[in-house]
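The values are calculated or read from the model by the stated rules, or taken from the named source; none is laboratory data. Please read these numbers as outputs of a predicted model, since none were measured by experiment. Glycine gets a Cβ as well: all are built from the backbone with ideal geometry, and neighbour counts include every protein chain shown.
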Amino acid sequence: MLILVLNGLVYGSLLYVLSVGLVLIFGLRRVTNFAHGGLYMVGAYLGYAASTLWGFWGGLVASIFGLALLGIALDRLIFRPLQNHDPISTILVTFGLLLVLEDGVRTLFGKDFILMQPPPLLNGVVKMLGSPFPIYRLFIIAVAIVVAAGLATWLRRSRVGLFVRAASVDPVTTGIQGVDTERLSLLVVARSTSLAGLAGVVSAPLLALSPSMGGFILIECFVVVVTGGLSSFTGAFVAAMLIGQAHNLGVAYFPALASLIPLLVMSAVLIARPEGLVKAGR
């Protein structure tokens with residue numbers, strides 16, 4: 001049972017690192033980014049390609065910075081122009097971007113699955129109450145904890161973080177008070193896409209790389225965001241751990257319903273708390 005719970009934490013940790021980027025973009029740009037799964041996929045492949053030259057850690061750094069630069073370009077060319085458009089336009093454009101990214105990766109790397117090896121330091125198992133558990137999976141949990149702690153410190157202790165929290169609740173009023181919300185949004189989008197790159201590389205040794213890998217996980221990321229509360233950073237963490245456990249327990253005990261269980265959890269939460277688990281900006 002312990003191993004089952006730990007595996008749920010691993011999947012929840014991966015969901016959190018990816019989902020919190022969606023929360024950041026929606027909070028500042030009010031854009032529902034359906035291309036986020038594609039950015040996660042690009043980050044995984046970029047990390048894989050870089051790792052063939054500089055090893056796993058070099059691939060990790062290359063993916064984080066590469067996706068941050070891509071995020072800056074996307075904010076200027078796509079997210080900013082979409083900010084004041086109707087939601088249907090946003091969905092169509094970002095979903096189209098997802099398809100473009102998938103086709104581009106498919107052209108460069110092919111359709112075959114690729115498995116990226118973990119670094120030798122993390123390639124082993126430890127005993128957890130007598131049961132073996134991969135060290136790399138514990139590393140994924142540690143990454144999520146570091147991201148959550150770093151993001152919480154940035155949002156609560158820094159001046160820029162306080163502006164981000166304010167703008168995620170009411171960007172118009174925040175802008176009226178003298179905050180440059182455009183520069184702030186550029187920074188936030190870059191951080192969001194860099195987290196997608198981080199999630200992509202971290203997931204690569206756990207899940208096989210494929211051009212469609214972003215679409216598979218994107219649905220559950222949106223479930224996390226809605227369950228936790230739109231624009232809620234704390235809610236994203238709580239919901240990711242909840243959905244991770246629900247997903248893993250569903251796979252273990254109810255495989256025929258595994259894909260529906262996260263949706264049922266989301267529905268139950270929204271019936272009890274329509275605003276999600278945590279209010280916006282927290």
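Of the residues making up the stretch 195-211, those that are crowded, with 23+ Cβ neighbours inside 10 Å and either of a type in the set (S, T, N, Q) or in a helix (DSSP H, G or I) (or both) are Leu195, Ala196, Gly197, Leu198, Ala199, Gly200, Val201, Val202, Ser203.
For the stretch 83-130, the tally of residues that are over 21 Å from the mean Cα position of the chain (by Cα), among the polar types (S, T, N, Q) and assigned to a helix (DSSP H, G or I) stands at 2. The residues of the stretch 17-51 that are charged (D, E, K, R) and either under 9 Å from the mean Cα position of the chain (by Cα) or on the phi > 0 side of the Ramachandran plot (or both) amount to a single one, Arg30. The single condition among (1) over 23 Å from the mean Cα position of the chain (by Cα); (2) farther than 24 Å from Leu2 by Cα that Phe133 does not satisfy is (2).
Assess whether Ala236 counts as being among the small types (Gly, Ala, Ser), part of a helix (DSSP H, G or I) and out of contact with any Ser or Thr (no Cβ under 9 Å at 6 or more places or on another chain). Here the answer is no, as Ala236 does not meet what is asked.
Residue pairs whose Cβ atoms lie under 8 Å apart, sitting 6 or more positions apart in sequence or on different chains, and linking a residue in the stretch 102-129 that is closer than 19 Å to Ile217 by Cβ to a partner that is outside any loop (DSSP other than H, G, I, E, B) and polar (S, T, N, Q), are Met116/Ser51. Residues in the stretch 29-45 that are out of contact with any Phe, Trp or Tyr (no Cβ under 9 Å at 6 or more places or on another chain) and surrounded by fewer than 24 Cβ atoms within 10 Å (Cβ to Cβ): Arg30 only.
Annotation: of all residues in the stretch 179-194 being part of a helix (DSSP H, G or I), farther than 16 Å from Trp154 by Cα and β-branched (Val, Ile, Thr), the one that is modelled with the highest pLDDT is Thr193. Being of a type in the set (Phe, Trp, Tyr), surrounded by fewer than 24 Cβ atoms within 10 Å (Cβ to Cβ) and without any contact (Cβ under 8 Å) to a residue 40 or more places away in the chain, is that true of even one residue in the stretch 243-258? Yes, the stretch 243-258 contains a residue that is of a type in the set (Phe, Trp, Tyr), surrounded by fewer than 24 Cβ atoms within 10 Å (Cβ to Cβ) and without any contact (Cβ under 8 Å) to a residue 40 or more places away in the chain. Filtering Ala62, Ala68, Ala49, Ala44 for residues that are aliphatic (A, V, I, L, M), touching a Ser or Thr at 6+ places or on another chain (Cβ under 6 Å) and modelled with pLDDT of 90 or more leaves a single hit, Ala68.
Selection of the stretch 99-129 for residues being touching a strand residue (DSSP E or B) at 6+ places or on another chain (Cβ under 8 Å) and not aromatic (Phe, Trp, Tyr) yields Ile114, Leu115, Met116, Gly124, Val125, Val126, Lys127.
Tell me, which residue of the stretch 168-206 that is among the acidic types (Asp, Glu) and within 16 Å of Arg76 (Cα to Cα) is farthest from the chain's Cα centre (by Cα)? Before the answer, list the steps.
So in the stretch 168-206, the residues among the acidic types (Asp, Glu) come out as 170, 180, 182.
Checking which are within 16 Å of Arg76 (Cα to Cα) leaves us with 180, 182.
Values: Asp180: 26, Glu182: 22 Å.
Here the residue is Asp180.
Determine which member of the set Phe113, Phe26 is surrounded by fewer than 15 Cβ atoms within 10 Å (Cβ to Cβ), at pLDDT below 90 and among the aromatic types (Phe, Trp, Tyr).
Working: Phe26 fails: surrounded by fewer than 15 Cβ atoms within 10 Å (Cβ to Cβ).
The unique qualifying residue is Phe113.
Being assigned to a helix (DSSP H, G or I), more than 29 Å from Tyr45 (Cβ to Cβ) and at pLDDT below 80 is the requirement here; does Thr174 meet it? So Thr174 passes the test. Here Ile88 qualifies as out of contact with any Ser or Thr (no Cβ under 7 Å at 6 or more places or on another chain), exposed (fewer than 15 other Cβ atoms within 10 Å of the Cβ) and either closer than 21 Å to Ile3 by Cα or not acidic (Asp, Glu) (or both).
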